[in-house]
Amino acid sequence: MAKKTNQSIAERDARTQKKIVELAQAISKMTLSGREPQLSIPTRTKSNTVWNRRKGILEMGDGTADRPLFDLKTAKQFMQTMLHASTIKDLIEAGKTSSLRGVFYKAKHTVAGTKENTFDTQDESDPILEDLEVALAALREELHVFAENRGSMVGNITIVDKGDEIDCRRMGSGGYALPSIVEPDVIQFKKCEAKFILHVEKGTVWNRFNEDRFWEKHNCILTHGAGQPPRGCRRLLQRLNQELGLPIICVLDNDPWGHYIYSVIKQGSISLAFESTRLAIPEAKFLGIRAKDFRQCGLDDAVKIDLTENDIKRAREIAAYPWFEGHKGWQKEIQAMLTNGFKMEVESLITKDISYVSEVYVPERLKAKDWLD
Amino acid sequence: MEAVSETTAKRRKGATAEEMATRQRDISVSEFFAKNRHLLGFDNPRKALLTAVKEAVDNSLDACEEASILPEIAVIIEDLQPDRPATAKSSRYRLTVVDNGPGIVRKQVENIFGRLLYGSKFHRLKMSRGQQGIGISAAGMYGLITTGRPMVIHTKPKAGSAAHHIELAMNTKTNRAEVTTDEEVKDFPPARLATITSGTRALVAEGGFVSPETFRTGTSVSIELEGRYQRGRGSVDEFLELTAIANPHARITFVPPSRDAGSEDDASILAHAEANAATKATATTETGGVVIYPRGVQDLPPETREIQPHPKGIELGILLQMLKDYEATEKGSLFNFLQERFCRVSSATAAQMCKAAGATSRTRAGDVEAPQAEKLFTFFQEVKLPPPPTDCLAPIGVRQLLAGLLKGVRAEFYAASSRSAEVYRGRPFQIEAAIAFGGDLPADEPARVIRFANRVPLLFQQSACSSFKAVLETGWKNYNLQQPRGSLPVGPLVIMLHMASVWVPFTSESKEAIADYDEIRKEMKLALMECGRKLGTYLNKRAKMRREGERRDVFERYIGEIAKAVGAITGEDAKRLYDALQVQAKRKTAVADQQLDEDGKVLREQGELDDDGVLIVPTAMSDAVVSAPVTVAMPELAAPPARAKAKPSTPASPKPASRSAAPSSKPPAKPASKPAPAALSKPSAKPAAKPAPAAPFKPVAPRPPAPRRPSQDGPTLF
């Protein structure tokens, strides 16, 4: 398997390298023939994002933005793009990976003969890498760039991570840290008995469930994404969902942010719309916290957090998303939250009992299949 | 008449009319002026020295021009009391002014130098400097009063013959000169002048100071007077500097005294002088203290004609006097009088005028009664007449304005505008304006306004002058300058205004400020606005160039990086890519390379003068704008080229703008009613200009303002 993996890695790398070289050659050709060089980057904005109803995911449209060299507005970005392209080719050739910050540092220097830096902050650098991803139609992992590990997993599953066997049943209190690159050539699923995946928003909530050995009692996999889940987490969830057929159940806060997290997990995000095929999980389910839980669970008034102006605005925006627009359940849910006038966090269930969430709340809802789709 | 005891002091007895009558007698003109020196400009020692210089220099310029000689003038001031204490308010100076004019015939010397209110210019309606002065005699008289010393005159009217040396003093009672020395000498110019200071000696060694070859004919006047030599505003230096600007056809040499009273005195005045340092002549040279204002153009100003007065321009009293004069000399009819003594009166018009006066065509001029004259006068004001002829005026001209300013002011941009002649109250006049901007001029101070009337600088009473008011009223903000309300614009700017007229209206007898007339003010503002527009265009272009320069900088910076990155990826030669990108970058920012076009004119070597009235000196412009291409080092390629931005070549002072090698093409003019008939040779004075290959100047005629191109349209006027 390793050999096969290595082979496919090599193939993939070769493909990526070829794409980079082709990109650079196009620029070179333009230059030498006297035409003004320019790059064509697909735009990652709302206007260029299309919701594919049939597939149930957000997709990127065909819109592109021209990035010419001889335009004051885009000249610097043009240069930055070419710098990163060169760095990535070097990474691939060396067979190494680097973090986003690492690539930023590699390309950061003072432009010869001036006092200007190629990059000043990482905030300038990251979007350029994303530009390259879409322009080259290559995944970040294929560019040998990884992000920080975020998120953890425990549960009834054994995986192989870069040749190391990881038994997620024996990950103690810390859990297996989800890496940034979780492609099949890095992570393979060895043995899995879990029946579903419970995904929570925060690490603290995840701790609660882990301490209570929820995954053991209910035979599932327990993951969290540390807030808005990063790509690695989403990708892994998607792989588990698709390759192992495991349903994803989300337990998130009852606020616009929680709704948004769910939306991203389900449909994909605008900024990574080009990745939706690999990241979106249209079947993901939203278990809670629901607006009705305040009454249904008989929660204390103390758990109420007032909705701010921003929250209300955000809630309305989310209600207007094409995939929520026609969805009666979601419209009711958001409306109910607005009517409540307050939001609730998952931790609010603690007011009932420390382990109420893992011993009562989730099991009951699972049994009743009381979730939003 | 009762005799009254003188002891009764209480009771005052008034004098009778007869007693008073016995005491009255004629006051001679000279006596009057001797006691009213302020009327002539001799109020205080400093002004006295200035006025003396002014009279002498004006005379020299007028004489040279009338004789069609390119003026060569030397002004020498010697301090005769160099060891006086520092607190002394004045000193005794000897002022000498030498010119290469036509000289003065012996017979006329007394009249010109020793007689007040005698001259050829007063009666004529002709544009001249002399209108503004009482004459050199007054200076001589002042000198006599303050030092007791006579005027010393050397004059040589004929190139081959000997010169006259005359010393004379004016008798104020008789208004006549008394000659104390009268001899013929070979010595012209006076040899003593060459050895006055070490500076002059050095110049003489080079052959450049009052050499007999240059001064084949001419006049030299020396006056000893009490004065005060002090630099700064309203000084001899300023006068000469401005005169040089307005008269670029003249070459002026100035030998100042060694001590500057101002440097011992008021520090603020010196500060003024320092502030003016930037406006000091660019090409003036100082050799051992001697200041030379070189010639800027080789052409004399056009000759002016004398014109008859225009009916709308005279006053009733003058009309009566004219009738009397005509009767005395011609004894002709009113009908003829009107046609001969006025301009623009045709026979038809004359007939109308006679009718309006209730006279027939045969009425004698002398028979016209006062009421009739009044009717005539009223009719003059009402009747439609063509405006007076304007060829009586000799404006400085756009090219000469630029040449003069270029010599006098160290700036980077010059613009000039010469309006066409207009009329105020029946008198022709013409306004010209010029501005100099940038370069070494101080950027944070209000603009300096220099004013001229008939090519003579106006040094005093600035705020009362119509020119100054015109500057204030112009909206300089429209041309990208700052201007606080009701104030001068602020910036590195010198604004020059010149009024040429047969009769310049002054606000007072001191003739330092031009009086307000709507027509005049309007023309001044129009002239200023034309210059302002040119400046605005230039500043816009300059800003654009700067932006373009920056743009090109940006591209050039990145090209290196990009070529390197692409080369690394594809394996191609990075240098080749770099060069190709460089070519494109240059194309993209071609504006920066083009330097200034259109109104700015594409820059050539020294900035040629052109008839559109704009001159730009590239070497004076700042680095960011100069076209020298920016070379940015290719990062880590083989043998990186030098990194520095190519600096502009060290600014050389602009070479003399005059390129034409041919002397003035004017034929030797026959002097009209000048007291000095002279057989003139062609102007012999030729400056040591390098013969240049560039095209000679096109002849200049007073132009109407250049037609405005659409791209040039600035904000609407008024």
Query raised in the report: Across segment A:22-43, which residue is farthest from the chain's Cα centre (by Cα) among those that are surrounded by 15 or more Cβ atoms within 10 Å (Cβ to Cβ) and more than 9 Å from chain B (Cβ to nearest Cβ)?
Result: A:M30
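Is it true that some residue in segment A:55-70 is acidic (D, E) and in a strand (DSSP E or B)?
Yes, some residue in segment A:55-70 is acidic (D, E) and in a strand (DSSP E or B).
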Requested in this report: Restrict the check to segment B:497-504 and report whether at least one residue is open to solvent by 40 Å² or more (accessible area, probe 1.4 Å), in a strand (DSSP E or B) and not hydroxyl-bearing (S, T, Y).
Outcome: no
Query raised in the report: Pairs, please: C-beta under 7 Å, at least 6 apart or cross-chain, first residue crowded, with 18+ Cβ neighbours inside 10 Å and in segment B:368-382, second among the basic types (K, R) and at pLDDT below 85?
Result: B:F380/B:K312
Report task. Give the residues of segment A:84-103 that are more than 18 Å from B:K564 (Cβ to Cβ) and not aliphatic (A, V, I, L, M), sorted by residue number. Result -> A:G95, A:K96, A:T97, A:S98, A:S99, A:R101, A:G102
Report task. Would you mind stating whether B:E519 is touching a Cys at 6+ places or on another chain (Cβ under 8 Å), among the charged types (D, E, K, R), away from chain A (no Cβ under 14 Å) and surrounded by fewer than 23 Cβ atoms within 10 Å (Cβ to Cβ)? Result -> no
Query raised in the report: Pick from segment A:237-250 the residues that are farther than 10 Å from A:L279 by Cβ and in contact with a His (Cβ under 8 Å, 6 or more places away or on another chain): which of them is surrounded by the most Cβ atoms within 10 Å (Cβ to Cβ)?
Result: A:C250
Query raised in the report: Can you find even one residue in segment B:185-207 that is at pLDDT below 90, part of a strand (DSSP E or B) and within 18 Å of B:V98 (Cβ to Cβ)?
Result: yes
Requested in this report: May I ask you to verify whether B:E572 is within 14 Å of another protein chain (Cβ to nearest Cβ), outside any helix (DSSP H, G or I) and open to solvent by 20 Å² or more (accessible area, probe 1.4 Å)?
Outcome: yes
Query raised in the report: Looking only at segment B:512-548, which residues are within 28 Å of B:L39 (Cβ to Cβ) and in contact with a strand residue (DSSP E or B) (Cβ under 8 Å, 6 or more places away or on another chain)?
Result: B:E512, B:A513, B:I514, B:A515, B:Y517, B:I520, B:M524
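For segment A:53-81, name all the residues that are more than 14 Å from chain B (Cβ to nearest Cβ) and either in contact (Cβ under 8 Å) with a residue 40 or more places away in the chain or open to solvent by 50 Å² or more (accessible area, probe 1.4 Å) (or both).
Selection gives A:R53, A:R54, A:K55, A:G56, A:I57, A:L58, A:E59, A:M60, A:D62, A:T64, A:D66.
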Report task. Specify the residue that is nearest to A:K343 (Cα to Cα); the eligible residues are those in segment A:273-332 that are hydroxyl-bearing (S, T, Y) and open to solvent by 30 Å² or more (accessible area, probe 1.4 Å). Result -> A:T308
Query - Filter result (facing chain A (nearest Cβ under 7 Å), in contact with an Asp or Glu (Cβ under 8 Å, 6 or more places away or on another chain) and at pLDDT 85 or above) within segment B:537-567 - result: B:V566
Query - Matching residues, segment B:577-590, being open to solvent by 10 Å² or more (accessible area, probe 1.4 Å) and within 7 Å of chain A (Cβ to nearest Cβ) - result: B:A580, B:K588
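Any residue that is aliphatic (A, V, I, L, M), open to solvent by less than 30 Å² (accessible area, probe 1.4 Å) and over 22 Å from A:S99 (Cβ atoms) - is there at least one of those in segment A:226-236?
Looking for residues that are aliphatic (A, V, I, L, M), open to solvent by less than 30 Å² (accessible area, probe 1.4 Å) and over 22 Å from A:S99 (Cβ atoms), one finds none in segment A:226-236, hence no.
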Report task. Kindly establish whether B:V471 is within 18 Å of the chain's Cα centre (by Cα) and without any contact (Cβ under 8 Å) to a residue 60 or more places away in the chain. Result -> yes
**Report entry** Filter result (modelled with pLDDT of 75 or more and basic (K, R)) within segment B:568-599
**Finding:** B:K575, B:R576, B:K586, B:R587
Query raised in the report: Within segment B:212-222, can one find any residue that is without any contact (Cβ under 8 Å) to a residue 60 or more places away in the chain and in contact with a Phe, Trp or Tyr (Cβ under 9 Å, 6 or more places away or on another chain)?
Result: yes
Report summary line: Considering segment A:315-354, residues that are in contact with a helix residue (DSSP H, G or I) (Cβ under 7 Å, 6 or more places away or on another chain) and outside any helix (DSSP H, G or I), and then whichever is farthest from A:L222 (Cα to Cα), we arrive at A:Y321
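Would you mind finding the one in B:T253, B:T243 that is in a helix (DSSP H, G or I), within 27 Å of B:I495 (Cα to Cα) and at pLDDT 85 or above?
Every option except B:T243 fails the conditions.
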Query raised in the report: How many residues does segment B:465-495 contain that are out of contact with any Cys (no Cβ under 9 Å at 6 or more places or on another chain) and open to solvent by less than 40 Å² (accessible area, probe 1.4 Å)?
Result: 18
Report summary line: By residue number, the members of segment A:6-21 that are facing chain B (nearest Cβ under 10 Å) and open to solvent by 40 Å² or more (accessible area, probe 1.4 Å) are A:Q17
Query raised in the report: Which of the residues spanning segment B:309-327 are open to solvent by less than 70 Å² (accessible area, probe 1.4 Å) and in contact (Cβ under 8 Å) with a residue 24 or more places away in the chain?
Result: B:P309, B:H310, B:P311, B:K312, B:G313, B:I314, B:L316, B:L319, B:L320, B:L323, B:Y326, B:E327
Requested in this report: Could you tell me whether A:A138 is open to solvent by less than 10 Å² (accessible area, probe 1.4 Å) and out of contact with any Leu (no Cβ under 6 Å at 6 or more places or on another chain)?
Outcome: yes
Requested in this report: Could you tell me whether A:D253 is at pLDDT 90 or above and open to solvent by 20 Å² or more (accessible area, probe 1.4 Å)?
Outcome: no
Query - Flag for B:I292 being open to solvent by less than 40 Å² (accessible area, probe 1.4 Å), modelled with pLDDT of 80 or more, under 27 Å from B:L61 (Cβ atoms) and assigned to a helix (DSSP H, G or I) - result: no
Query raised in the report: Looking at segment B:393-438, what strands (runs of 3 or more DSSP E) fall wholly within it and have at least 3 residues that are surrounded by fewer than 23 Cβ atoms within 10 Å (Cβ to Cβ)?
Result: B:422-424
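The values are calculated or read from the model by the stated rules, or taken from the named source; none is laboratory data. It should be emphasised that the depicted structure is a prediction, and the values quoted were computed from it without experimental measurement. Here the Cβ is made from the backbone with ideal geometry for all residues, glycine too, and neighbour counts use every protein chain on show. The protein model used for the area step is the full one, side chains on, heavy atoms only, and it has no ligands, DNA or RNA in it. Shrake-Rupley method; radii C 1.70, N 1.55, O 1.52, S 1.80 Å.
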